[in-house]
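> There's a structure below that I have some questions on.
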Amino acid sequence: MRLLIAEDDKALGLFLQRGFEADGYRVRLAVDGELALRAFREETPDVTILDLNLPVKDGEEVLSDIRALGSDLPVLVLTGRQEVATRVRCLDRGADDLMVKPFSLHELRARVRVLLRRTREAHLFLRAADLELNRLEHTVARSGRPIDLTNKEFALLEYLLLNRGHCVSRVELLDTIWKSEPKQTTNIVDVYVNYLRRKLQDSLPGTLIRTVRGQGYVVPAPSEPPVPPTMPVAAGAGAAQPIAI
């Protein structure tokens, strides 16, 4: 299980990291809000432990950004603030649980286990439109029709689904799926995305895997509206827009 701990108190963060690693978790520690959000995007952790008092970007803002990505992965908030209003605001922003400092490590471990039990079934199956991926049985089906994928194709699709609503760059996919294997270039990512599209019969209308020009690929979050086949970028516009190809 992957665990993200966002805590600016390095001593406390390392204490928590050692405690959860002893329980068998793979733990990533972030000491500010920007690093926490970046780590969340890269790791898609099974549980995030999020301190509110983070530098650069505070915990409440990080929580809002996580939910804006379309992720419903569990987040447990840690705070030294006693105000009821703070707790209510965090829960309204999408926190799954909240603990006030000082706290017991034994209780924190127990609460993390509860969050994992609640979400294990939900995250065993990854879905987008009529597509379903079973992470345990390593199967994929669309509209109930089984689809045979290679290990690399399955890993690529799984990673895109885990990052729904977030554009994943070719370099990130190469590092994650191919582990920067020698002689591989980012072109191999495009090749495998095309393999996936053919096997999934992923064409307009209703494209699942969309290209973000100059950036990478995205499987849109459930709340995102349909994207037309082409979407020109206005002069002076910022980030590139998704286009379906």
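> Taking the condition touching a Leu at 6+ places or on another chain (Cβ under 9 Å) and at pLDDT 95 or above, does Leu115 pass?
On the way: touching a Leu at 6+ places or on another chain (Cβ under 9 Å): yes; at pLDDT 95 or above: no.
It is false that Leu115 is touching a Leu at 6+ places or on another chain (Cβ under 9 Å) and at pLDDT 95 or above.
> Separate question: Check every one of the strands (runs of 3 or more DSSP E) wholly within region 1-58 and list those with 1 or more residues that are under 21 Å from Leu173 (Cα atoms) and more than 14 Å from the chain's Cα centre (by Cα).
Strands (runs of 3 or more DSSP E) meeting the threshold: 26-30.
> Can you name the number of the only condition in (1) at pLDDT 85 or above; (2) outside the structural domain of Val219 (by TED's automatic domain parsing) that Tyr159 fails?
For Tyr159, the failing item is (2).
> Moving on. Of the residues Leu174, Leu149, Leu136, Leu157, which is closer than 17 Å to Pro220 by Cα, touching a residue at least 12 places away in the same chain (Cβ under 8 Å) and not β-branched (Val, Ile, Thr)?
Matching residue, one of Leu174, Leu149, Leu136, Leu157: Leu157.
> Return yes or no: is Val56 in contact with a helix residue (DSSP H, G or I) (Cβ under 6 Å, 6 or more places away or on another chain) and either in the same structural domain as Arg210 (by TED's automatic domain parsing) or in contact (Cβ under 8 Å) with a residue 24 or more places away in the chain (or both)?
Values: in contact with a helix residue (DSSP H, G or I) (Cβ under 6 Å, 6 or more places away or on another chain): yes; either in the same structural domain as Arg210 (by TED's automatic domain parsing) or in contact (Cβ under 8 Å) with a residue 24 or more places away in the chain (or both): yes.
Considered against the rule, which asks whether it is in contact with a helix residue (DSSP H, G or I) (Cβ under 6 Å, 6 or more places away or on another chain) and either in the same structural domain as Arg210 (by TED's automatic domain parsing) or in contact (Cβ under 8 Å) with a residue 24 or more places away in the chain (or both), Val56 comes out as yes.
The values are calculated or read from the model by the stated rules, or taken from the named source; none is laboratory data. Everything quoted here is computed from the prediction, not taken from an experiment. Counting neighbours? That spans all protein chains shown, and the Cβs are built from the backbone with ideal geometry, glycine included.
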